[in-house]
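This report refers to the structure that appears directly beneath it.
No value in this document is a laboratory result; all are computed from the given coordinates. As the structure is a computational prediction, the values presented were derived from the model and not from experiment. Because the Cβ atoms are built from the backbone with ideal geometry, glycine has one as well, and the counts that use them run over all protein chains shown.
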């Protein structure tokens, strides 16, 4: 696989810069919500910048004030949002998404889907998304509909 002119085949996964979002949330149980998010940030961010980026991510996914929260205390939808925000915070050069919005309730799903797709478009991240919900497919043809 080649991404931005770089052959990824022999690179270790952490150097590929490909965000992989599974349908299951996969949060680290030994870390707080904030630590889970900060874990994904590139090491180039200073400590103060890291906290600021995490707080902004929490605000963006409507979970302000959850930095110190234990992930086991979150609902399924909250875990899904944190997991997806962690993937975006890793600043991937490509995204692979497996039913990323399926665990969210209808109202939240629509607004969070819009936010994520805007992030993908504004950052110009190539994305491949598996979904059974046609509402997940952007109108602008950003993703291939099979």
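Need one number: convex hull volume per residue for the stretch 7-50, Cα atoms only, in Å³.
Normalising the Cα hull of the stretch 7-50 by residue number yields 107 Å³.
What's the Cα-based Rg to Rh of the stretch 94-139, Rh via Kirkwood?
Result for the stretch 94-139 is an Rg/Rh of 0.93.
Diagonalise the Cα gyration tensor of the chain and give the resulting equivalent ellipsoid semi-axes, square root of 5 times each eigenvalue, largest first, whole Å.
Each semi-axis is the square root of five times an eigenvalue, giving 23, 21, 14 Å.
Kindly list the residues of the stretch 29-47 that lie in the label zone of residue 98, defined by a backbone N under 19 Å from the point 7 Å along the Cα-to-C-beta vector.
29
Please give the calculated 222 nm ellipticity per residue for the chain, where each DSSP H segment of at least 4 residues contributes -39500 (n - 2.57) and the sum is spread over every residue; nearest 500 deg cm²/dmol?
After summing the helix terms and dividing by the residues of the chain, the value is -11500 deg cm²/dmol.
Between residue 72 and residue 128, what FRET efficiency comes out of the Förster formula 1/(1 + (r/R0)^6) with R0 = 41 Å and r the beta carbon distance, rounded to 0.05?
Efficiency for this residue pair is about 0.85.
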